Amino acid sequence: MTDIFTDLVRPSTAAGGTPGAEVRLTVLRKLAAATRAEIEVERAQQKAEQEQLERETARSEAHEHLQAVFPATLARVVAQDAWTGYPALHRPSGPVSLPCAVAYLGEGVWLHFELLPSSGGLLKLLAPCSCGEYTEQEPCDDYQLAGQLDELPGVTGCTGHTAQLRPVEHLGRLPQAVP
């Protein structure tokens, strides 16, 4: 049995002056690299546009939520431009968080609005505690909010917590308050 590949020759230029295999592969690598670069730019642009849309949607939905659910309190003091929107955070394994918006109320207290995929959004009142944690409460209307504001740790001191707690380092996504 003979080796059928022994008779093959790698020409550098084929008959008629067309580029040979070596030259074609070099050209192909350059074309593929240029195409990949174009696709990466396009994907980065699409990602930036998607993130901007998520930021704007979170801000808008947060403001609309205050208008609908807290017309006598929060809707009167938190303007739409007070909200800072954040896009969803992703890891290769999947989403880490949903799009959200935050608004600083003063004295270390924040509103955090998370855009939920199926039911609008969830508003949380985050307040610092002297123990180094943040309390997390979910007001459902103006009346309940009034009671929760009276019971903020800054007002009552750390009394042990009935509300959910978040360690301060997990809130690294919140923007710094501007005095």
Relative to the compact-globule estimate 2.2 N^0.38 Å (N residues), the Cα gyration radius of the range 54-118 stands at a ratio of 1.17
Within the under-15-Å Cβ sphere about VAL41, not counting VAL41, Lys/Arg +1 and Asp/Glu -1 give a net charge of -1
With all protein chains in place and a 1.4 Å probe, GLU64 shows an accessible area in Å² (nearest 10) of 100
Sorting LEU125, LEU28 on solvent-accessible surface, 1.4 Å probe, most exposed first, gives LEU28, LEU125
Expressed in square angstrom to the nearest 10, the accessible area of TYR134 with a 1.4 Å probe stands at 30
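The values are calculated or read from the model by the stated rules, or taken from the named source; none is laboratory data. These figures come from a predicted structure and were not determined experimentally. Virtual Cβ from ideal backbone geometry, glycine too; neighbours counted across all protein chains shown. Just the protein is used for accessible areas: all its heavy atoms, side chains included, with ligands, DNA and RNA removed. Shrake-Rupley method; radii C 1.70, N 1.55, O 1.52, S 1.80 Å.
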